[in-house]
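Novice: Just passing along the structure, written as structure tokens.
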Amino acid sequence: MKTLYYVESVKQLEQSTIAFLQYIPKNIKKWELENKDFKRYVRRTVEQRQKDVIQEGMYVYAVNDGEYEIANEDPRALQIRRRYISLIEDLEQQQRELPQSTYDNISTLYTYHVNVGHGNHTLIVFQSNNNTHIWMVDCSDFDYIQHSKYNSNIDKCINHVKQNFHLNSSIHIDVVMLTHPHYDHFSGFQYYINQGLIDANTNVYINLKYNIANHNYNNLLQRLYVLGTQIIEPFTYNSNNNINILYPDKKTFHSKLSFNNQSSVYNIRFDNKSYFVFPGDLEKEGWNLMDVRKCLPYMSQTHYYAISHHGSINGHLRDGVCCRCINSVKDCLFPSAITVLMGRDKAYSGIYSPKVLADFNSRILFSEKDSLNNSCSFLEINLISGTYKNL
């Protein structure tokens, strides 16, 4: 049986193209039954002659050193595809109408950006009318490039939140907002579910329109279905007063876009104030598809911004769509907006981009280190006072 890989992601760098491939075991039946993720990834340089073969979301055979063949019809790939289609059909029945409750009169508002290596993981914790609520934007716990788990950092952050907000042991994640289905943005879901922090009462914003058939993503969908989790599709029409979805618009959404350019962009607002924008891994094509009536007003008013695509240049550039002077996301933002860079420096060439670092200069906070370059478990920001610390 030929060696089979799933193309997790393809990254175009300045002088080369690299791909991260997920190894698919020969016997996947036991993995399907046990709901275990495939965590063996390899990094490969994509030769020019292989660019039509090594495409994101496809299955390929490794036939020779540096040579691959399309393998979408492999029985293992077809099995994963059939399971995906079935799960989407089931989850569509669990979609719910958008919750209409609005949280205002916010007395306390923090964000916690967990160091999970190459990945994104944010908790939003706030108090309204003496009640504490916890939301999440993306949820990684595993650096598939470095092959390292970061659950200890998650535990440290959760324990800190309990102490800081005087919570008992049974805390709950009320809302999860997934930007897009790359493993470095959703691998930690299973951990939170196993801890009982995500359950049937959690509202999960997850796009069911992706054209993807990936074993690990299937496992996430399976757990959400079994839990009976409430599903909300993150399109602009599902915005409310607190979670304003700037992109994508269902009318213009196209499943053939790269997964990065399908990233949902979440604008977090309280008391009619724009606190944070989370764009996932949105790149130039996605930025340019965003309705300027949603992009410019909200981006230019937000006080905090999670830098797109882990600080790479292709998540930063613009084509002057909003107005003639805009060449990068820097030009869209409120001049004094604080930026947060999640990910691991030098995870691969182009991260962090020198231009991104220069454009935002002294306005960057890092999830992996403090101002003295000391490693940390997470970054804590008090969004109301503007103070922060790495812990």
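The values are calculated or read from the model by the stated rules, or taken from the named source; none is laboratory data. None of the values given here were measured: they were computed from a predicted structure. Cβ placement follows ideal geometry from the backbone for every residue including glycine, while neighbour counts extend to all protein chains displayed. Just the protein is used for accessible areas: all its heavy atoms, side chains included, with ligands, DNA and RNA removed. Shrake-Rupley method; radii C 1.70, N 1.55, O 1.52, S 1.80 Å.
Novice: For the chain, what percent of Cα pairs sit more than 40 Å apart?
Specialist: 11
Novice: If you wrap segment 233-391's Cα atoms in a convex hull and average its projection over all directions, what's the area in nm²?
Specialist: Answer in nm², one decimal: 9.6.
Novice: Could you tell me whether segment 326-391 comes out rounded, prolate or oblate from its Cα gyration tensor? Rule is a ≥ b ≥ c as square roots of the eigenvalues, rounded for a/c under 1.5, then prolate if a/b exceeds b/c, otherwise oblate. Please list the in-between numbers first.
Specialist: Values: a/c = 2.45, a/b = 1.11, b/c = 2.21.
Oblate is the answer for segment 326-391, as a/c is 1.5 or above yet b/c matches or exceeds a/b.
Novice: Residue by residue through segment 21-37, what is 3J(HN,Hα) from phi via Karplus (6.51 cos²θ - 1.76 cosθ + 1.60, θ = phi - 60°)? Round to whole Hz and write x for glycine and proline.
Specialist: Residue by residue, segment 21-37 yields 10, 9, 6, 9, x, 5, 10, 9, 4, 5, 5, 4, 5, 8, 6, 8, 7 Hz.
Novice: State in Å² the accessible area per residue of the chain; use a 1.4 Å probe, count heavy atoms of protein chains only, and round to the nearest integer.
Specialist: Numbers: 16320 Å² over 391 residues.
Counting only protein heavy atoms, the per-residue value for the chain is 42 Å².
Novice: Output the Cα-based Rg and Dmax of segment 32-108 in Å, rounding Rg to one decimal and Dmax to a whole number.
Specialist: Answer for segment 32-108, Rg first and Dmax second: 20.3, 62 Å.
Novice: I need the P(r) histogram for segment 148-200: all alpha carbon pairs, bin width 5 Å from 0 out to the longest distance, whole percents.
Specialist: 4, 16, 26, 28, 17, 7, 2
Novice: Just grab the label-to-label distance for Asn159 and Asn272, each label 7 Å out from Cα along the Cβ direction, in nm (one decimal).
Specialist: 4.3
Novice: Please work out how much accessible surface Trp135 shows to a 1.4 Å probe, ignoring ligands, DNA and RNA, in Å² rounded to 10.
Specialist: 10
Novice: Mean-square fluctuation check for the chain, GNM, Cα pairs under 10 Å: which of Tyr298, Tyr275, Tyr103 is largest?
Specialist: Tyr103
Novice: Test of understanding: what is the full-extension gain from Ser152 to Glu97, defined as 0.36 nm times their sequence separation minus their Cα-Cα distance? Each step should come with its number before you reach the end.
Specialist: On the way: separation 55, 0.36 × 55 = 19.80 nm, distance 3.56 nm.
Stretched fully, the Ser152-Glu97 segment lengthens by 16.2 nm.
Novice: Evaluate the distance, in nm, between pseudo-label points positioned 7 Å from the Cα of Asn211 and of Gln79 along their respective Cα→Cβ axes.
Specialist: Going by the 7 Å Cα→Cβ label model, 2.6 nm.
Novice: Ok, one more. Taking H placed 1.01 Å from N in the peptide plane, check which residues at least 5 places from Met136 or on another chain put their amide H under 5 Å from its amide H.
Specialist: Sorted by chain and number, the residues that satisfy this are Ile124, Val175, Val176, Met177.
Novice: Considering only protein heavy atoms and a probe of 1.4 Å, how much of the accessible area of segment 1-101 is carbon and sulfur, as a whole percent?
Specialist: For segment 1-101, the apolar C and S fraction of the accessible surface comes to 44 percent.
Novice: What FRET efficiency do you get for Lys2 and Asp319 if R0 is 45 Å and r is their Cβ-Cβ distance, rounded to the nearest 0.05?
Specialist: That gives a FRET efficiency of 0.60.
Novice: Over segment 88-235, what per residue volume does the convex hull of the Cα atoms give, in whole Å³?
Specialist: Spelled out: Cα convex hull of segment 88-235, divided by residues, is 110 Å³.
Novice: Please report the net charge: other residues with Cβ closer than 15 Å to the Cβ of Lys355, K and R +1, D and E -1.
Specialist: -1
Novice: Along each principal axis of its Cα atoms, how long is segment 157-302 end to end? Whole angstroms, biggest number first, please.
Specialist: Rounded to whole Å, the extents work out to 44, 39, 22 Å.
Novice: Roughly how many Å is it from the Cα centre of segment 294-358 to that of segment 95-129, as a whole number?
Specialist: After rounding, the separation between the Cα centres reads 21 Å.
Novice: Tell me, in nm to one decimal, what length is gained between Ser86 and His133 on full extension, where the rule is 0.36 nm per residue of separation less the Cα-Cα distance?
Specialist: 13.6 nm
Novice: Relative to the present Cα-Cα distance, how much length would full extension add between Val42 and Ile171 at 0.36 nm per residue of separation? Display every interim value, and only then the final one.
Specialist: Numbers: separation 129, 0.36 × 129 = 46.44 nm, distance 3.66 nm.
Net length gain for the segment: 42.8 nm.
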